[in-house]
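This report concerns only the one structure given below.
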Amino acid sequence: MKKSLEYVKEKPSKNWWPALLYYFLFAVLGAALVSPFTTWISPDKGIVEQIGGLYTFAGSTFLAIAYTLWIKKRSIRALGFKKENCLGQYGLGLILGLGMACCVIGTASLFSGFSFASQDSVDWLWILVAALGFFIQGLTEEVLTRGYLFNELASHLSRVWATLISALAFMGLHAANPGMTLMPVINLFVFGLVFALLFWLTDNIWLVGAAHSIWNFTLGPLLGIEVSGQVFPKTIFISQARADLPLINGGSFGVEASIFTTFFGLLACLYMVCLLRKRGEN
């Protein structure tokens, strides 16, 4: 079975650098196209900004798919979409992402970084709408950064350079998030490497998108932790982060600025590099 990169190489672009421009264009223009239609989610402007913003990512996915199918005349497989056992692979991605989140948050909690309590009442409809939004958002960021950008870069450069450059682009995509400091910048790059290596290893955008989505959902609507600096008004649990331990719990940016996110992210990278080398990849 051909890999997604092989489909890209069959109909390659003339150069690698325009892919970076298209990457950010898809992200910005896609959100602009969908955002006028998100007010149906709630009349509350604050909630629209939180959940509605997740749904705007669907526009970026549409643009990336449309560009692949209609402009480049490639198979959708070029973005990493596998038909075979897609539900099973998506489920495996959920397990991997949830496992990573549990490792980071659990370790931070052992070092007194967090405490948790249950909500008196939970708005389950809101949680469901948020969950769907996160599944769209996580998959979209992976379609853009790994399915599209990684493969475009790898078709001209090496997959090592594609991993590094796509991780930098992923970091840049979040540059405007609130609470951005040095640790979030480092960890966004590290997790850009994690997701790039996971895509290189599996060649399956369903799996990588699921891992990304469940990570964000677990932090935000499930546990009540900030997601890349963003606070969600309704959650299943309430989290309390000790203000004097920002290196442990990530402070106002959330656990994605924690030193344990760095540690487990680098550990995951090392493990996947070992798997790739064992498979004979350079």
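Name the residues in region 57-71 that are over 15 Å from the mean Cα position of the chain (by Cα) and within 12 Å of L33 (Cβ to Cβ), would you?
Correct list: G59, F62, L63, A66.
Out of all the residues in region 108-121, which are crowded, with 18+ Cβ neighbours inside 10 Å and closer than 16 Å to T262 by Cβ?
Those that are crowded, with 18+ Cβ neighbours inside 10 Å and closer than 16 Å to T262 by Cβ: A108, G113.
Yes or no: region 197-208 includes at least one residue that is modelled with pLDDT under 95, in contact with a helix residue (DSSP H, G or I) (Cβ under 7 Å, 6 or more places away or on another chain) and within 20 Å of I105 (Cβ to Cβ).
no
Just for region 64-97: of the residues that are out of contact with any Phe, Trp or Tyr (no Cβ under 8 Å at 6 or more places or on another chain) and closer than 23 Å to W215 by Cα, which one is modelled with the lowest pLDDT?
Here the answer is N85.
Criterion first (at pLDDT 95 or above, in a helix (DSSP H, G or I), of a type in the set (F, W, Y) and under 30 Å from G224 (Cα atoms)) does F24 satisfy it?
Taking the combined requirement at face value, the residue satisfies it.
Could you list, in sequence order, the residues of region 232-259 that are touching a residue at least 24 places away in the same chain (Cβ under 8 Å), assigned to a loop (DSSP other than H, G, I, E, B) and on the phi < 0 side of the Ramachandran plot?
Of everything in region 232-259, those that are touching a residue at least 24 places away in the same chain (Cβ under 8 Å), assigned to a loop (DSSP other than H, G, I, E, B) and on the phi < 0 side of the Ramachandran plot turn out to be F232, P233, K234, T235, I236, R242, L245, S258.
This table checks each residue for (1) among the β-branched types (V, I, T); (2) over 20 Å from F24 (Cβ atoms); (3) outside any helix (DSSP H, G or I); (4) touching a residue at least 12 places away in the same chain (Cβ under 8 Å).
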position	(1), (2), (3), (4)
K73	no, yes, yes, yes
K83	no, yes, yes, no
L96	no, yes, no, yes
I127	yes, yes, no, yes
F134	no, yes, no, yes
L144	no, no, no, yes
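Filter region 185-214 down to the residues that are crowded, with 19+ Cβ neighbours inside 10 Å, in contact (Cβ under 8 Å) with a residue 60 or more places away in the chain and aliphatic (A, V, I, L, M) and list them by number.
Correct list: L188, V190, L193, V194, L197, L198, I205, L207, V208, A210, A211, I214.
Among E256, E226, which is touching a Pro at 6+ places or on another chain (Cβ under 7 Å), buried (at least 20 other Cβ atoms within 10 Å of the Cβ) and of a type in the set (D, E, K, R)?
Answer to the selection: E256.
Could you look through region 98-112, keep only residues that are within 19 Å of S228 (Cβ to Cβ) and of a type in the set (A, V, I, L, M), and pick out the one that is farthest from the chain's Cα centre (by Cα)?
Within region 98-112, the match that is farthest from the chain's Cα centre (by Cα) is A108.
Collect the residues in region 1-17 that are among the acidic types (D, E) and either in contact with a Ser or Thr (Cβ under 9 Å, 6 or more places away or on another chain) or touching a residue at least 40 places away in the same chain (Cβ under 8 Å) (or both), keeping them in residue-number order.
The answer is E10, and nothing else.
Search region 166-184 for residues being touching a residue at least 60 places away in the same chain (Cβ under 8 Å) and part of a loop (DSSP other than H, G, I, E, B), and hand back the single one that is surrounded by the fewest Cβ atoms within 10 Å (Cβ to Cβ).
P178
Look at A131 and say whether it is farther than 28 Å from E152 by Cβ and touching a Pro at 6+ places or on another chain (Cβ under 9 Å).
yes
The values are calculated or read from the model by the stated rules, or taken from the named source; none is laboratory data. Small disclaimer: the values here were computed from a predicted structure and weren't measured. So basically every Cβ, Gly included, is an ideal-geometry build from the backbone, and we count neighbours across all protein chains shown.
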